[in-house]
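Worksheet for the structure shown next.
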């Protein structure tokens, strides 16, 4: 493959919107293991929330997909490959990117817990603000009345 062809392929991978209209591959080898990627992504996205045990599985999958993406990109950059092999690698990388985008945009694992945590943080900020405004900041040195 000529150098300008290699650069064109790499540019396609990094282009904004490269995943628009792209399909998630049915199967892909990720870190030496064959994965039904499309089925996995759609199974996870079908749920309203992702349970904690599944969240760990999704996080591991994202790490492995990022690693696989990098390895395939490096093959395009460094290996002596044909234009056809480069095209296959580009399509695989774009498919991986599409899967990663879908997995990154999953909803919160537990919406109720997230809302409660946000409310606690809001109350704490409000309490700290009121203490400062009223001069009751616990951070003062030398106070003996507490």
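Within segment 22-48, the set of residues being touching a residue at least 60 places away in the same chain (Cβ under 8 Å) and assigned to a loop (DSSP other than H, G, I, E, B) comprises 22, 23, 24, 25.
Right, residue 106: part of a loop (DSSP other than H, G, I, E, B) and either modelled with pLDDT of 70 or more or assigned by TED's automatic domain parsing to the domain that holds residue 35 (or both) or not? Steps first, please.
Details: part of a loop (DSSP other than H, G, I, E, B): yes; either modelled with pLDDT of 70 or more or assigned by TED's automatic domain parsing to the domain that holds residue 35 (or both): yes.
It is true that residue 106 is part of a loop (DSSP other than H, G, I, E, B) and either modelled with pLDDT of 70 or more or assigned by TED's automatic domain parsing to the domain that holds residue 35 (or both).
Considered as a group, the residues in segment 49-63 that are touching a residue at least 12 places away in the same chain (Cβ under 8 Å) and outside any loop (DSSP other than H, G, I, E, B) include one that is farthest from residue 102 (Cα to Cα), and that residue is 52. Evaluate the following for residue 70: is it modelled with pLDDT of 85 or more, closer than 30 Å to residue 18 by Cα and under 27 Å from the mean Cα position of the chain (by Cα)? Answer is yes for this residue.
The values are calculated or read from the model by the stated rules, or taken from the named source; none is laboratory data. Remember, predicted model here, so these are calculated numbers, not experimental data. Cβ coordinates were reconstructed from backbone atoms using ideal geometry, including for glycine residues, and neighbour counts include every protein chain displayed.
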